[in-house]
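The values are calculated or read from the model by the stated rules, or taken from the named source; none is laboratory data. No experiment lies behind these values; they were computed from the predicted model shown. Here the Cβ positions follow ideal geometry from the backbone for every residue, glycine too, while neighbour counts run over all protein chains shown.
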Ligand SMILES: [Zn+2]
Ligand SMILES: [Zn+2]
């Protein structure tokens, strides 16, 4: 997925430092709370690409979405959201797939996620493969 040697090294092994991780998560939003933001239940999560810097992560995301026939959204979740691939509206209160970019600080076994961005959301007719 990547042309960068640093990124390739990250695919092979875990090592200490900061890296950018691309993952698919299954999310179900609960909009019943009083705030404007939902409670989000995260089901299955699988990371499939690691990058040495944000710039390479963005490049990787663009390549991945191009392959999947989708576009990046980078938007906050709404009760009815639009699928990044087919453009259909769907309810986020139902389980759906989200492409997530997280920034992680790794120190041995200790992995700290300190920034999570939602790149794109997909309806249940469009479940891009995590590869
Ligand atoms: Zn890189
Ligand atoms: Zn769709």
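Summary of computed values
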| quantity | calculated |
| --- | --- |
| Region 1-39: number of residues that are away from ligand 2 (no atom under 16 Å from the Cβ) and not in a loop (DSSP other than H, G, I, E, B) | 20 |
| Only one of 90, 122 that is more than 15 Å from residue 25 (Cβ to Cβ), crowded, with 17+ Cβ neighbours inside 10 Å and at pLDDT 95 or above | 90 |
| Flag for residue 45 being more than 16 Å from ligand 1 (Cβ to nearest atom), under 17 Å from residue 127 (Cβ atoms) and in a loop (DSSP other than H, G, I, E, B) | no |
| Subset of region 76-97 [assigned to a strand (DSSP E or B) and under 15 Å from residue 125 (Cβ atoms)] | 81, 82, 89, 90, 91, 96, 97 |
| Positions within region 48-75 being assigned to a helix (DSSP H, G or I) and touching a helix residue (DSSP H, G or I) at 6+ places or on another chain (Cβ under 6 Å), in sequence order | 56 |
| Residue match in region 99-107 (condition: in a helix (DSSP H, G or I) and surrounded by 19 or more Cβ atoms within 10 Å (Cβ to Cβ)) | no |
| Candidates 85, 78 - the one that is modelled with pLDDT of 95 or more, over 27 Å from residue 9 (Cα atoms) and surrounded by 11 or more Cβ atoms within 10 Å (Cβ to Cβ) | 85 |
| Residue list for region 105-131, restricted to those being under 18 Å from residue 64 (Cβ atoms) and more than 13 Å from ligand 2 (Cβ to nearest atom) | 116, 117, 118, 119, 129, 130, 131 |
| Filtered residues of region 41-58 (kept if surrounded by 13 or more Cβ atoms within 10 Å (Cβ to Cβ) and in contact (Cβ under 8 Å) with a residue 12 or more places away in the chain) | 45, 47, 48, 49, 50, 51, 52, 53, 54, 56, 57 |
| Only one of 35, 28 that is more than 13 Å from residue 100 (Cα to Cα) and either surrounded by 19 or more Cβ atoms within 10 Å (Cβ to Cβ) or under 15 Å from the mean Cα position of the chain (by Cα) (or both) | 28 |
| Meets criteria (surrounded by 15 or more Cβ atoms within 10 Å (Cβ to Cβ) and either outside any loop (DSSP other than H, G, I, E, B) or on the phi > 0 side of the Ramachandran plot (or both)) for residue 116 | no |
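Rundown of residues vs (1) more than 14 Å from ligand 1 (Cβ to nearest atom); (2) over 16 Å from residue 25 (Cβ atoms), yes/no style:
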| site | (1), (2) |
| --- | --- |
| 52 | no, yes |
| 60 | no, yes |
| 64 | yes, no |
| 68 | yes, no |
| 79 | yes, yes |
| 100 | yes, no |
| 104 | yes, no |
